[in-house]
């Protein structure tokens with residue numbers, strides 16, 4: 001039984017470049033979530049999917065950010081024209097359903113924008 | 001605005017003693033509360049949860065207490081073990097959404 005996996009684990013990029021992260025949820029989990037965590041803070045919600053449908057997006061998700069889950073399995077999070085303020089840990093989680101179903105987190109992708 | 005607050009950034013407890021981690025919230029629309037534990041370079045790991053219709057939930061060494069009138073949540077770990085040393089996050093879910101809103105975390109250190 002594998003958990004949530006995220007790739008890459010680390011990404012260093014220059015300001016202005018585009019980056020894409022991938023998340024593979026636990027098999028048969030219908031819900032997939034993206035969070036962002038900066039130093040000294042707790043994870044902040046970005047967006048989540050029910051299968052391939054994006055159900056909610058945070059105000060934090062500016063138009064430079066886009067997330068997809070095309071076949072209801074893995075998801076990608078793309079950041080265009082990265083800024084230094086985008087440097088953070090990007091966490092993905094999945095759950096079987098909504099409500100009180102537990103969200104299980106992956107190890108995260110650490111993004112550093114130079 | 002910080003809807004979920006963990007006012008103690010760190011806590012140090014001797015092995016075998018009780019660890020009490022506290023959390024306060026401001027949004028009365030929260031209906032589900034959770035505690036996650038996080039080790040360095042790993043994602044948060046679910047520990048224990050409680051619905052707003054309950055005031056206590058217990059799982060082994062971990063007990064969560066909810067005081068709705070005070071909008072206060074606490075996690076008790078007894079007895080504390082060195083392996084419990086980690087950052088603990090309190091989280092809450094508002095009604096009609098499944099997103100988690102996290103506090104800023106409390107770093108627990110359990111020493112021998």
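Just so it is clear, none of the values below were taken in a lab; they were calculated from the coordinates. Nothing here was measured: the structure is a model prediction, and the numbers come from that model.
If you average the C-alpha positions of the stretch A:85-114 and of the stretch B:94-112 separately, how far apart do those two centres end up, in angstrom?
14
When DSSP assigns beta bridges and you keep just the ones with both residues in chain A, what percent turn out antiparallel, to the nearest 5?
90
Can you tell me what share of the DSSP beta bridges in chain B is antiparallel? A percent to the nearest 5 is fine.
So the antiparallel bridges in chain B amount to around 90 percent.
Determine the relative contact order of chain A: mean sequence separation of Cα pairs under 8 Å and six or more apart, normalised by residue count, in whole percent.
Averaging sequence separation for qualifying contacts and normalising by length gives 36 percent for chain A.
When chain B is treated as a GNM, springs tying every alpha-carbon pair under 10 Å, which of B:60, B:83, B:16 comes out with the largest mean-square fluctuation?
Greatest mean-square fluctuation among the candidates belongs to B:60.
What number in nm² do you get for the stretch A:33-114 if you take the convex hull of its Cα atoms and divide its surface by four?
5.7
Compare A:79, A:12, A:26 in a GNM of chain A, Cα atoms joined below 10 Å, and give the one with the largest fluctuation.
Greatest mean-square fluctuation among the candidates belongs to A:12.
For chain B, set up a GNM with springs between Cα atoms under 10 Å and report which of B:70, B:92, B:41 has the largest fluctuation.
Maximum among the listed residues: B:41.
Cα convex hull of the protein assembly as shown: how many Å³ per residue?
With only Cα atoms used, the protein assembly as shown gives 124 Å³ per residue.
Once the Cα atoms of chain B are picked out, what are the Rg and Dmax in Å?
According to the Cα coordinates of chain B, Rg and Dmax are 13.4, 44 Å.
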